[in-house]
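Asks: Before I ask anything, here is the structure I am working with.
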Amino acid sequence: MIPPKGCVRSVSVWVWRSTHTALQILVSSMMLMFVLGCQRSPEAGGHGANLEKPAPTPARPVAEIRPLKGHTGVVGSVAFSPDGRTLASASDDHTVRLWNVASGQIVNTLKGHSRTVEAVAFSPDGRILASASDDETIKLWDTTSGRLLRTLDENFDGMFLSVAFSPDGKMLASGDAFFSRVKLWDVASGHLLGDKDCHAGAVSSVAFSPDGRTLASAHVGRVIRIWDVTSGQLLRTLNGHVDAATSVAFSPDGRTLASGGEDKAVRLWDVTSGQLMHTLQGHTNWVESVTFSPDGRTLASGSADKTIKLWDVSGIANMIPTGRALKP
């Protein structure tokens, strides 16, 4: 992906806090990752709630914690480790950097790619980091030592745009830029397990369902595809975006799939039926990234319009599919 002019070469960490919600947001020029946790106090409602509720503490405005500077090129991808203590960033300076989130210091600089690093992803246990690059390889790194564990290429001729670990950490999915292929790799051996030609353009995003049985892929050919991981069978194709699909994410219960696109919209799909549930409109430029909060009640979308929108999707399970537009 060619970054637009004026893209930043640093990563900034932002925090917003209120009485019942803690939100950590990290934004780069190309991708958004966030951790959102919600806690309800007894006063918030339910059995035994007090009739007189205390006045809520005013929310603090969003504020930058610190910039993380070190890359000499555009930062195109970022990811938090599962424990939230480490941040990985990928850049067109051909490196991956690991940062201590608390101190903002560089823990390690991972060198080995010869071209732009497009995407990074942590394994579920945080011990391995995968990096996908335009140099036609995926590299697996030991996050503690920074040692290169293995390189995945299988004589591939193209650019890798996206990577995702399976929930058990045993498989890695990847998507490429030129040949519309989704590949499945064995993490332990580095062997290629499966290779599907999607016939739908570059694979801009891949995501495993929470149970690891299905894989979703987003394509510049405007479609979303859902695959059976074991058999490699195409389960369904989701049509609705009117421009390139850029990002996909499963809800924590696996029942809903969110997708973002260059058509400026976020779409919510019923995974079982493939029906379009709702279209979320409000961005003024393409949607680059989507992700659900751990409790599944909130969806975040990051856009080239330089905004992040948080959507209340807590009632999506009870919604009747209409495809109608919602506002943030």
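Asks: Going down the table (Lys264/Lys306; Lys111/Lys306; Lys183/Lys306; Lys139/Lys170; Lys170/Lys196), which pairs top 21 Å between alpha carbons?
Replies: Where the Cα-Cα span goes over 21 Å, the pairs concerned are Lys111/Lys306; Lys183/Lys306.
Asks: Where Lys and Arg each count +1 and Asp and Glu each count -1, what net charge lies around Val242 among other residues with Cβ under 10 Å from its Cβ?
Replies: Surrounding charge for Val242 is -1.
Asks: With an 8 Å Cα cut-off and a minimum separation of 6 or more residues, compute the relative contact order for region 203-328 in percent.
Replies: Contact order relative to length: 17 percent.
Asks: Okay, next question. Starting from the Cα-Cα distance between Ser231 and Asp312, subtract it from 0.36 nm times their residue separation and give me the gain in nm to one decimal.
Replies: 25.7 nm
Read the figures in this text as sums done on the coordinates, not as results from a lab. Since the structure is predicted, the reported quantities are computational estimates derived from the model, not experimental observations. Counting neighbours? That spans all protein chains shown, and the Cβs are built from the backbone with ideal geometry, glycine included.
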